[in-house]
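The values are calculated or read from the model by the stated rules, or taken from the named source; none is laboratory data. On a predicted model such as this, the values are computed, not experimentally measured, just so you know. Don't worry about glycine lacking a Cβ; one is built from the backbone with ideal geometry, like all the others, and counts go over all protein chains shown. Surface accessibility is based on the protein's heavy atoms, side chains included, excluding ligands, DNA and RNA. Shrake-Rupley method; radii C 1.70, N 1.55, O 1.52, S 1.80 Å.
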Amino acid sequence: MSARDRTEEVAAAYRRFAETEARGRSPLYESLARRVAEDNAIIAFLLTLPPDKRQPNLLFAAVRYQSGRALQWPEFRRAVLDRAEAIARLMRQRATQTNEPGRCAVLLPVLAQLPQPLALLEVGASAGLCLLPDHYGYDYGDVRVAPESRPRLSCVASPGTPLPMRLPDVVWRAGLDLNPLDPSDAEHRAWLEALVWPEQGDRLARLRDALAVAREVKPPVVRGDLRHDLPGLARQAPGDATLVIFHTAVLAYVRSAAERQAFADQVAGLADCWIANEVPRAFPEIARTTPSTRTGFLLSVDRIPTAWTDPHGAAIDWIL
């Protein structure tokens, strides 16, 4: 690929992020992404990084973490170019481990229907916040579950969504991650907070509440690669519980379609239930079987398309 083609590839990724992810959610990040797409100096900086370290969320979080606050374009551009070495080092070390507890609200309708008790194993668990669905409260409008608990997760559910009446019974939980984060570590918490988009104060408050829960419960998250280390961890689950292996916004980072398929085949042989909540392109063979096409994430259960979901768990549209 020529230098011009590589430049256009990065620019296109930032334009796509502005249009399909940030638009309507973060005016600042939409603006920054469009500006980056037009700035050859910033793109040249990004091209010094590996392909999986060039994504907008990672760049914006790294600059925010380094600066201590969100920056508008002129100051943002100066920060990147003046602190290029430090920001590049941070982007190489860190990942977009957006540990969004709100996603538990779209997992709960599935979890509540399974034979109880449950053993939960999350792939790409970050700090383990999505391993705690039985510790949060939920508000689906007409249906509320454990409303006294904090954080309380709000989710708009479509008609036909099998809303839960009670929390699941979780007797075992564990997570797997390339770079686990510790909820008790102040630097790790600061990185997770930097990943929250600047206009989303409610998400930040929810994250802080969930981190407080995680510091008490201490869900175990072990270092490992989903392609190699999943079977050993799965074997630790109690045999008398329904083993649920799940993941959200993880498989898009496995660039090889063959490796994603190998992972899917492996999970199918390990789990009693496999829940994938991913962008449709992560598993196109599953997405092709859906009766409709939507934006957001596609939640599937044992390869069966089940719901379209908001990436942060704010809505679920059940596939009837």
Residues that are closer than 20 Å to G201 by Cα, of a type outside the set (V, I, T), touching a residue at least 24 places away in the same chain (Cβ under 8 Å) and part of a strand (DSSP E or B), drawn from region 106-159: Y138, L153, S154
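Results for (1) under 24 Å from T98 (Cα atoms); (2) modelled with pLDDT of 90 or more, shown as yes or no for each residue.
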site	(1), (2)
A257	yes, no
A264	yes, yes
L270	no, yes
E278	yes, yes
T306	yes, yes
I316	yes, yes
I319	no, yes
Yes or no: R215 in contact with a Ser or Thr (Cβ under 8 Å, 6 or more places away or on another chain) and either free of Cβ contacts under 8 Å to residues at least 24 places away in the same chain or not in a loop (DSSP other than H, G, I, E, B) (or both)? yes
Yes/no for E193 being closer than 30 Å to Q72 by Cα, part of a loop (DSSP other than H, G, I, E, B) and not aliphatic (A, V, I, L, M): no
Spot the failing condition for R255; the list is (1) touching a residue at least 60 places away in the same chain (Cβ under 8 Å); (2) basic (K, R); (3) closer than 22 Å to P168 by Cα, and only one is missed. (3)
Picked from region 76-125 (must be within 25 Å of N277 (Cα to Cα) and of a type in the set (K, R)), the residue modelled with the highest pLDDT is R103
So which helices (runs of 4 or more DSSP H) are wholly in region 1-105 and hold at least 1 residues that are touching a residue at least 12 places away in the same chain (Cβ under 8 Å), within 22 Å of E193 (Cβ to Cβ) and touching a helix residue (DSSP H, G or I) at 6+ places or on another chain (Cβ under 9 Å)? 3-17, 27-37, 56-67, 73-82, 84-93
Hits in region 160-188 (condition: surrounded by fewer than 17 Cβ atoms within 10 Å (Cβ to Cβ), without any contact (Cβ under 8 Å) to a residue 60 or more places away in the chain and assigned to a loop (DSSP other than H, G, I, E, B)): M165, R166, D169, D182, S184, D185
Any idea which of L243, L207 is under 24 Å from P311 (Cβ atoms) and open to solvent by less than 20 Å² (accessible area, probe 1.4 Å)? L207
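State yes or no: is V106 under 30 Å from L243 (Cβ atoms) and β-branched (V, I, T)? Walk me through how you get there before you give the answer.
Values: under 30 Å from L243 (Cβ atoms): yes; β-branched (V, I, T): yes.
Yes; evaluated as a whole, the condition is true for this residue.
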Picked from region 1-54 (must be small (G, A, S) and surrounded by fewer than 17 Cβ atoms within 10 Å (Cβ to Cβ)), the residue nearest to H312 (Cα to Cα) is G24
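Open to solvent by 40 Å² or more (accessible area, probe 1.4 Å), modelled with pLDDT under 95 and of a type in the set (D, E): is that true of D202 in this structure?
Yes; evaluated as a whole, the condition is true for this residue.
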Across region 246-259, what is the number of residues that are surrounded by fewer than 19 Cβ atoms within 10 Å (Cβ to Cβ) and assigned to a helix (DSSP H, G or I)? 5
